[in-house]
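Chemist: My questions all concern the structure below.
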Amino acid sequence: MDDFVLNFKKAQTFIERLKERVETALNAKDEEIVQLRDELKRVDNELKRCRTENEALTKKIWQMEKRNQNE
C-alpha cells in the first residue's frame with residue numbers, strides 16, 4: 001500500500017512537471033508540442049487509473065477494518 005501511495009505521489013509530481021514543460025514548449029515546434037500533449041494524455045490516463053485503483057484499495061481496507069471490528 002505504501003508503494004502505491006509513493007508511486008501515486010511520484011505520478012502527481014511527474015504530471016505537474018510535465019504540465020510546466022508543455023507550457024514552456026508552447027513557443028517551441030508544433031511537433032514537440034504534439035509529442036508533449038500525447039505524453040501528458042498518457043500520464044493523465046495513468047493517474048486516473050491509479051486514482052481508481054486507490055479508491056478500490058481504500059474501499060477494500062475499509063471493508064476489512066469493518067469486518068475486523070465486527071469479529
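Chemist: What residue among Gln35, Leu18, Gln63 has its Cα farthest toward the positive end of the dipole of the chain, where the charges are +1 on Lys, Arg and -1 on Asp, Glu, each on the Cβ?
Modeler: Projecting each Cα onto the dipole axis, the largest value belongs to Gln63.
Chemist: Any idea how far apart Gln12 and Leu26 come out in nm if each label point goes 7 Å out from Cα toward Cβ?
Modeler: Calculated label separation equals 2.5 nm.
Chemist: How far is helix 30-70 tilted off the main Cα axis of the chain, in degrees rounded to 10, range 0 to 90?
Modeler: Helix 30-70 sits at roughly 10 degrees to that axis.
Chemist: With runs of 4+ DSSP H residues as the only contributors, calculate the mean residue ellipticity of the chain at 222 nm using -39,500 (n - 2.57) per run, divided by the residue total and rounded to the nearest 500. Each step should come with its number before you reach the end.
Modeler: Details: 2 runs with 65 residues, N = 71.
The helix-only estimate for the chain comes to -33500 deg cm²/dmol at 222 nm.
Chemist: Return, for the Cα atoms of the chain, the radius of gyration and Dmax in Å, separated by a comma.
Modeler: Answer for the chain, Rg first and Dmax second: 17.7, 63 Å.
Just so you know, all these numbers are worked out from the coordinates, no wet-lab data involved. All of these numbers come straight from a predicted model, not from anything done at the bench. Glycine also receives a Cβ, built like all others from the backbone with ideal geometry; neighbour counts cover every protein chain displayed.
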